[in-house]
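We did not get these values from a lab; they are worked out from the coordinates using the rules stated. Note that this is a predicted model, so its numbers are computed, not measured. We place every Cβ from the backbone using ideal geometry, glycine too, and count neighbours over all the protein chains shown.
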Amino acid sequence: MSKHCVIFISTGSKEEAEKVSQGLVEDKLAFCVSSIPKMQSTYYWEDKIHVDEEFLLIVKTRTDHYEAVERWIKKNHSYEVPEIISLPIEQGLPAYLSGIDNWLEKKA
């Protein structure tokens, strides 16, 4: 199993994207959160197809932090059922992956 992962989270506004990004990094649940603005999402929800503009967050963290990230998002996200999808990082620049470890293990 991979030690590191990226988690995709979508938000409906720039303000929420900034709140989520900052909160995850400040709480040492993520090393870095990249935000991709104004993507178009087409999805099925509540018996109809929706097309909305959203922001995509790419969260860089460790797999052992996933459950805490999920809890934090469910508590702080405006969506009833937020997108929270984790993918393993199979390979990466060792210095970058060490940066993830160093930040998440750093004492407050």
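Report the calculated FRET efficiency for residue 81 and residue 40 (r = Cβ-Cβ distance, R0 = 25 Å), to the nearest 0.05.
On the way: r = 19 Å, r/R0 = 0.77.
My answer for the efficiency is 0.85.
On alpha-carbon atoms, Rg over Rh for the chain using Kirkwood Rh?
Values: Rg = 14.4 Å, Rh = 14.5 Å.
Here the Rg-to-Rh quotient is 0.99.
If we count every other residue with Cβ under 13 angstrom of residue 37's Cβ, Lys/Arg +1 and Asp/Glu -1, where does the sum land? Before the final figure, lay out each step's value.
Details: positive: 14, 38; negative: 15, 16, 18, 53, 54.
Result for the neighbourhood of residue 37: -3.
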Rel. contact order, % - alpha carbon contacts under 8 angstrom, at least six apart, the chain: 40
Which distance in Å, rounded to a whole number, links the C-alpha centroids of the range 66-85 and the range 1-62? 10
Extension gain residue 63-residue 13, at 0.36 nm per residue separation less the Cα-Cα distance, in nm? 15.3 nm
Proximal lysines relative to residue 14, as straight alpha-carbon distance under 16 Å, when same-chain residues fewer than 8 apart are discounted: 38
Given a Förster radius of 41 Å and the C-beta distance between residue 93 and residue 52 as r, what FRET efficiency does 1/(1 + (r/R0)^6) yield to the nearest 0.05? 0.75
